[in-house]
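Peer 1: Below is the structure I would like to discuss, written out as structure tokens.
The values are calculated or read from the model by the stated rules, or taken from the named source; none is laboratory data. Being a predicted model, the structure only gives us computed values, none of them experimental. Don't worry about glycine lacking a Cβ; one is built from the backbone with ideal geometry, like all the others, and counts go over all protein chains shown.
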Amino acid sequence: MQETGWRPSAPIENLRARGKVLAQIRRFFAQREVLEVETPVLSKCAVSDPFIDSLEVSFGFQPGVEDERLYLQTSPEYAMKRLLAAGSGDIYQMAKVFRNGESGRRHNPEFTMLEWYRLGFDDRQLMAEVEALIREVVPELQVRYLSYADLFEQELGLDPHRATLEQLQQRCREHLDAPFDDDDRDTWLNLLMSHVLEPRLKGAVFIHSYPASMAALAQVRKDAQGRQVAARFELFVDGVELANGYHELTDAAEQARRLNADQLQRAALGLPQRPLEQRLVQALEAGIPECAGVALGVDRLVMLALGVDSLEQVVSFMHERA
Amino acid sequence: MANYSSNQFKNGMKVMIDGDPCSMVDVEFVKPGKGQAFTRVRLRNLLTGRIWERTFKSNESAESADVMDTDMEYLYNDGEMWHFMDPKTFEQVAADQNAVGDAAKWLKEQDKIVVTLWNNNPISVTPPNFVELEVVETDPGLKGDTAQGGSKPATLSTGAVVRVPLFIEQGEVLRIDTRTGEYVSRAN
């Protein structure tokens, strides 16, 4: 039998199309005078998010002797915010990011992330810019905007901000077989979102105003009904998560509180305790301009441009062949 | 028995779910960018044949099921049970109606059959993809009608009834696809 393991995952013509998308992205930002930057892939600190696992790298001055534990970035967010605080102005970068354990039809442990920050923008203005970028690549795309609460109310008749843990759990079990226990409301909201609602999202849909408990690094504000919501949005295209953006948190004390809360949740779940990025807190203390930022999965954008439904169609060498 | 954690799940894996042996038909990793990972699995209950989807959290696990697909030879039916023999060990097993199910109509003596054993008991039977069976009853063939469409029912030696072209005669041996129950060709 002929050995085929050396071959790329994706057909070469798809990789040509991918190259064109990368060029379109760079042209888009050049026209808008957003500076391309690069930040370290290896960091002394890891992401705090309990459900994102960093890959660990051993650094040493002699082979086989570890002097320092480093972490592959799961997103360039922390370093880019340090640049913003240092006065970089509008910036973007396309970088490889790494997430341990993530492998599947639409996941690869390393993938290309496009991340950008716009000074003076809020989440609404940034959503409009994400739409403009997507239209450069896929001009015919129809785009809708919907709040997280409206989506849940329209599809499930449920207020995601006020429903109790028991209500969410019960609603999940009406739709799917998930007999495990979990006392985190967000787990059940995420289950409803990923298993029930996302498959119903046809075309391109921006979901915005997430529950405050899912704010991550976004500001929290009150919506028209007086509910606390995160100034966070996600873009889904035909049910696939493509981008995640925030009106960025600039409050250093709140940032420190969220890092510590993540670390406590990690401890409670028996997840590794890793060094928190305190230099991000220091950068916010020094002062970061009001801005909005977003991360977009470039591989998935290329999937969309080519109309294919698996990463292996657009990635030169997937995990199994890397 | 081994335990598999949900991030080790793979297509074809056999596990115990709610006390029944099940096979994983499709495993999908579902991970919201923020939020915990889930594994969504299409499962087939090997006792009932029921197929459904279950979602696992990343720290959940499932016990492996002692399920083995074994190549066996079909011996005979005694009116109640179907008897099979492992041609290597000459060990025999008897499967009931539940285990044999629809496969019964494709079982020809001495054919090689895959018998699925759970804790050494037969729970299902898979005939070869193609079997060759004799026509025991069908309407007379139409002369000259070898090219046009049209079909008629034919009863095979095992009792199965399949649609066959009009030119097929009683006594002929046919090749049948057991997955679709469709006529393929005359057997050579």
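Peer 1: What's the total number of residues in region A:1-39 that are under 26 Å from residue A:131 (Cβ atoms) and either of a type in the set (Asp, Glu) or modelled with pLDDT under 95 (or both)?
Peer 2: Final tally of qualifying residues: 2.
Peer 1: When residue A:244 is evaluated against the numbered criteria (1) in contact with a helix residue (DSSP H, G or I) (Cβ under 9 Å, 6 or more places away or on another chain); (2) under 23 Å from residue A:21 (Cβ atoms), which criterion, by number, is the only one it fails?
Peer 2: Result: residue A:244 fails condition (1) only.
Peer 1: Counting just the residues of region B:97-118 that are aliphatic (A, V, I, L, M) and not in a helix (DSSP H, G or I), which one comes out nearest to residue B:16 (Cα to Cα)?
Peer 2: B:117
Peer 1: Determine which member of the set A:58, A:48 is touching a strand residue (DSSP E or B) at 6+ places or on another chain (Cβ under 9 Å), small (Gly, Ala, Ser) and either modelled with pLDDT of 95 or more or surrounded by 13 or more Cβ atoms within 10 Å (Cβ to Cβ) (or both).
Peer 2: The conditions single out A:58.
Peer 1: Testing residue A:269 on (1) out of contact with any Ser or Thr (no Cβ under 7 Å at 6 or more places or on another chain); (2) among the aliphatic types (A, V, I, L, M); (3) buried (at least 20 other Cβ atoms within 10 Å of the Cβ), one condition comes back false. Which one is that?
Peer 2: For residue A:269, the failing item is (3).
Peer 1: Counting only residues that are under 14 Å from the mean Cα position of the chain (by Cα) and free of Cβ contacts under 8 Å to residues at least 60 places away in the same chain, give me the strands (runs of 3 or more DSSP E) lying completely in region A:1-120 with at least 1 of them.
Peer 2: Qualifying strands (runs of 3 or more DSSP E): A:91-98.
Peer 1: Please verify whether region B:43-57 includes one or more residues that are surrounded by fewer than 17 Cβ atoms within 10 Å (Cβ to Cβ), free of Cβ contacts under 8 Å to residues at least 24 places away in the same chain, on the phi > 0 side of the Ramachandran plot and hydrophobic (A, V, I, L, M, F, W, C).
Peer 2: The answer is no, given that none of the residues of region B:43-57 is surrounded by fewer than 17 Cβ atoms within 10 Å (Cβ to Cβ), free of Cβ contacts under 8 Å to residues at least 24 places away in the same chain, on the phi > 0 side of the Ramachandran plot and hydrophobic (A, V, I, L, M, F, W, C).
Peer 1: Can I ask one more? Looking for whichever is surrounded by fewer than 17 Cβ atoms within 10 Å (Cβ to Cβ), touching a helix residue (DSSP H, G or I) at 6+ places or on another chain (Cβ under 6 Å) and more than 14 Å from chain B (Cβ to nearest Cβ) here; the options are A:133, A:165, A:119. Which one fits?
Peer 2: Exactly one of A:133, A:165, A:119 is surrounded by fewer than 17 Cβ atoms within 10 Å (Cβ to Cβ), touching a helix residue (DSSP H, G or I) at 6+ places or on another chain (Cβ under 6 Å) and more than 14 Å from chain B (Cβ to nearest Cβ), namely A:165.
Peer 1: Does residue B:34 meet the test of being farther than 18 Å from residue B:14 by Cα, touching a residue at least 40 places away in the same chain (Cβ under 8 Å) and not hydrophobic (A, V, I, L, M, F, W, C)?
Peer 2: Here the answer is no, as residue B:34 does not meet what is asked.
Peer 1: Could you list, in sequence order, the residues of region A:170-200 that are more than 13 Å from chain B (Cβ to nearest Cβ) and touching a residue at least 12 places away in the same chain (Cβ under 8 Å)?
Peer 2: A:171, A:200
Peer 1: Residues in region B:43-66 that are under 19 Å from residue A:102 (Cα atoms) and acidic (Asp, Glu): how many?
Peer 2: Counting residues in region B:43-66 that are under 19 Å from residue A:102 (Cα atoms) and acidic (Asp, Glu) gives 1.
Peer 1: So, in region A:45-75, exactly how many residues are farther than 24 Å from residue A:102 by Cα and charged (D, E, K, R)?
Peer 2: 3
Peer 1: Looking at A:132, A:215, A:204, A:128, can you tell me which residue is more than 30 Å from residue B:18 (Cβ to Cβ) and at pLDDT below 95?
Peer 2: Exactly one of A:132, A:215, A:204, A:128 is more than 30 Å from residue B:18 (Cβ to Cβ) and at pLDDT below 95, namely A:215.
Peer 1: If residue B:84 satisfies every condition in (1) at pLDDT 95 or above; (2) within 14 Å of another protein chain (Cβ to nearest Cβ) but one, which is the exception?
Peer 2: (2) is the only condition that residue B:84 fails.
Peer 1: Here's something else I'd like to know. Within region A:203-214, which residues are surrounded by fewer than 21 Cβ atoms within 10 Å (Cβ to Cβ) and free of Cβ contacts under 8 Å to residues at least 60 places away in the same chain?
Peer 2: A:212, A:213
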